[in-house]
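Beneath this line is the structure, given in structure tokens, with notes to follow.
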Amino acid sequence: MSLTLYNSAARAKAPFQPLDPGRVRVYMCGPTVYDRIHIGNGRAFCAFDLLVRVLRHHYGANGVTYVRNITDVDDKISSRAAERGTDISVLTAETIAVLHADLAALNLLVPDVEPRATAHIPEMIAMIETLIAKGHAYVEQGHALFDVPSFSDYGALSRRSLDDMIAGARVEVAPYKRDPMDFVLWKPSDDTQPGWPSPWGRGRPGWHIECSAMAKRHLGESFDIHGGGIDLQFPHHENERAQSMCAHDGHSFAQVWFHNGFLTVDAEKMSKSLGNFMTVEAARENMPGEAVRYALLMAHYRQPADWSDDIAAEARTHLDRWYRLTDGIEAGEIDRAVLAALDDDLNTPRAFTELHRLAGEASSGSGTAAASLKASAQLMGFLGQQAEVWFRWMPKGRTIDPAWVEDRIQARRKARADKDYAQADLVRKELADAGVILEDGPQGTTWRVSQ
Ligand code: AMP
Ligand code: ZN
């Protein structure tokens, strides 16, 4: 077993060793469901998905427990629901449905557990009560707060001094805080806000306690890998770690922290607040979701990656070639060099280079290379569809009736049988004008949609 991973807590790469080799446990912070995800979020989910695929390859399909939560209580959700005049539960249900469609289009694995914050309120309350009982949290003006100075290891994950943190996080100084770094575990809700009864009155949880409570419930106090974008390292992950370790008598929380770099546009982080985002929905209206996935995995996951139409087009061209080369071929052995690249902290640029080498060998006639290309690309979540389905993908708004195409192909065949080649060419042109490209092969004529 030779998987090596970079651990953002240690700032170093190390061979991955699960706490329990019979059950690798991983947690990824999932989305807050008030709006559709953008392709920056998509990059985070694709990187973690690839990690889970590599873990499953090594530890078996049932040897990995993959948890990715859904944050379905949050002030952004409340204000969006109020703007729209809908109930919060209606907004979150709708957003979760489209989220699942977006994630499926990127060919993301369905997590073993997809816990929702609102289904874990009792666990959150219990953890806050434990923190209060152990002297790591206090109650003030209806709020429960984590007492940051009570945890001497605070800042170890993000390696920041308290002064940096205060400046960097622009922490809210509030009258109910004993220390400016203290953060909210529970806050009071008025009648217009979602709320649950608690020992501190009707209220709602802070974001950080949600993940600590859900990770404990589904993975236990200590588990193997915790993931998310690098922006979550501080304060979200630092706070999760503080809560969980203090509630669990100093027991370790995540062994490895896996953080992806940003997807950028003109070198700036893609984000909702900057407005420079493209939703996954918009991206997959213009190209197959699998090509979006490819483009999002092209750069190494820890590096920033700039998004451009060119990158997306390049990804699609490569997949076109691979689908063509592997059409009708059974998946063979996973290529050792591809696996070695992935085992080296998910070195996708190197893995793609090796896949292109296999494609080169396959186009020179090597059936073994084609079979290996298919298996290795499938390990990374590509080439999972029928080539026919891939080649007949259409952008939104375009439709081609397959029955009409078949009818025209028959007409062309008849014209050719009658040696009426002018008529046969006319039919080909008619199809080409409709965006259908014919390919004559030994098995007859097939068709695909032009790009
Ligand atoms: P959020 O809903 O903002 O918590 O984001 C969901 C996930 O996407 C988190 O793991 C974020 O760190 C990650 N993320 C957000 N923006 C980007 C971006 N531009 N590039 C890469 N990951 C991102
Ligand atoms: Zn989280």
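The values are calculated or read from the model by the stated rules, or taken from the named source; none is laboratory data. Computed from a predicted structure; not experimentally measured. Positions of Cβ are backbone-derived with ideal geometry, glycine not excepted, and every protein chain shown enters the neighbour counts. Surface accessibility is based on the protein's heavy atoms, side chains included, excluding ligands, DNA and RNA. Shrake-Rupley method; radii C 1.70, N 1.55, O 1.52, S 1.80 Å.
Some observations on this one:
- Filtering Ala81, Ala12 for residues that are at pLDDT 95 or above and over 27 Å from Lys187 (Cα atoms) leaves a single hit, Ala12.
- Arg23 more than 16 Å from ligand 2 (Cβ to nearest atom), more than 30 Å from Ser308 (Cα to Cα) and either open to solvent by 40 Å² or more (accessible area, probe 1.4 Å) or aliphatic (A, V, I, L, M) (or both): yes
- Filter pass, Ile329 being open to solvent by 40 Å² or more (accessible area, probe 1.4 Å) and not in a helix (DSSP H, G or I): yes
- Of all the criteria given as (1) assigned to a loop (DSSP other than H, G, I, E, B); (2) in contact (Cβ under 8 Å) with a residue 12 or more places away in the chain; (3) closer than 30 Å to Arg293 by Cα, the one not satisfied by Leu91 is (1).
One line per residue, one yes/no per condition, for (1) part of a loop (DSSP other than H, G, I, E, B); (2) of a type outside the set (Phe, Trp, Tyr); (3) buried (at least 17 other Cβ atoms within 10 Å of the Cβ):
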| position | (1), (2), (3) |
| --- | --- |
| Asn276 | yes, yes, no |
| Glu290 | no, yes, yes |
| Ala299 | yes, yes, yes |
| Ala315 | no, yes, yes |
| Leu342 | no, yes, yes |
| Leu358 | no, yes, yes |
| Gly365 | yes, yes, no |
| Ala369 | no, yes, yes |
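- Residue count, the range 184-221 (criterion: away from ligand 1 (no atom under 16 Å from the Cβ) and open to solvent by 10 Å² or more (accessible area, probe 1.4 Å)): 23
- Filter result for Ala375 (within 25 Å of Asp49 (Cα to Cα) and out of contact with any strand residue (DSSP E or B) (no Cβ under 6 Å at 6 or more places or on another chain)): yes
- Set Leu426, Leu373, Leu383, Leu438: member being in contact with a helix residue (DSSP H, G or I) (Cβ under 7 Å, 6 or more places away or on another chain), part of a helix (DSSP H, G or I) and of a type outside the set (Phe, Trp, Tyr): Leu373
- Pairs with Cβ under 6 Å, 6+ apart, first in the range 46-59 and in contact (Cβ under 8 Å) with a residue 40 or more places away in the chain and farther than 14 Å from Phe16 by Cα, second crowded, with 20+ Cβ neighbours inside 10 Å and polar (S, T, N, Q): Ala47/Asn260
- Flag if Ala97 is assigned to a helix (DSSP H, G or I), among the hydrophobic types (A, V, I, L, M, F, W, C), within 16 Å of ligand 2 (Cβ to nearest atom) and open to solvent by 10 Å² or more (accessible area, probe 1.4 Å): no
- Among (1) open to solvent by less than 50 Å² (accessible area, probe 1.4 Å); (2) touching a residue at least 60 places away in the same chain (Cβ under 8 Å); (3) closer than 29 Å to Gly261 by Cβ - the single one Ile334 does not satisfy: (1)
- Ala337 being within 20 Å of the chain's Cα centre (by Cα), at pLDDT 95 or above and in a helix (DSSP H, G or I): no
- Under the condition of being at pLDDT 95 or above, aliphatic (A, V, I, L, M) and outside any loop (DSSP other than H, G, I, E, B), the residues counted in the range 114-170 number 16.
- Qualifying residue in the range 226-238 (condition: away from ligand 1 (no atom under 16 Å from the Cβ), in contact (Cβ under 8 Å) with a residue 12 or more places away in the chain and open to solvent by less than 40 Å² (accessible area, probe 1.4 Å)): no
- Residues being among the small types (Gly, Ala, Ser) and not in a loop (DSSP other than H, G, I, E, B) - total across the range 1-28: 2
- Close contacts from the range 243-262, counting a first residue that is farther than 15 Å from Ala133 by Cβ and a second that is among the polar types (S, T, N, Q) and assigned to a strand (DSSP E or B), with Cβ to Cβ under 7 Å and a gap of 6+ residues or different chains, come to Val256/Asn7; Trp257/Asn7.
- Matching residues, the range 28-38, being touching a strand residue (DSSP E or B) at 6+ places or on another chain (Cβ under 8 Å) and either near ligand 1 (Cβ under 8 Å from one of its atoms) or closer than 13 Å to Ile70 by Cβ (or both): Met28, Cys29, Gly30, Pro31, Thr32, Val33, Ile37, His38
- Checking every residue in the range 43-66 against the condition of being within 14 Å of ligand 2 (Cβ to nearest atom) and either touching a His at 6+ places or on another chain (Cβ under 7 Å) or open to solvent by 40 Å² or more (accessible area, probe 1.4 Å) (or both) gives zero matches.
- Residues that are within 12 Å of ligand 2 (Cβ to nearest atom), in contact with a Gly (Cβ under 9 Å, 6 or more places away or on another chain) and not in a strand (DSSP E or B), drawn from the range 236-272: His236, His237, Glu238, Asn239
- Taking first residues from the range 265-280 that are more than 22 Å from Pro395 (Cα to Cα) and touching a residue at least 60 places away in the same chain (Cβ under 8 Å) and partners that are of a type in the set (S, T, N, Q) and not in a strand (DSSP E or B), the Cβ contacts under 7 Å between residues at least 6 apart in sequence or on separate chains come to Met270/Asn276.
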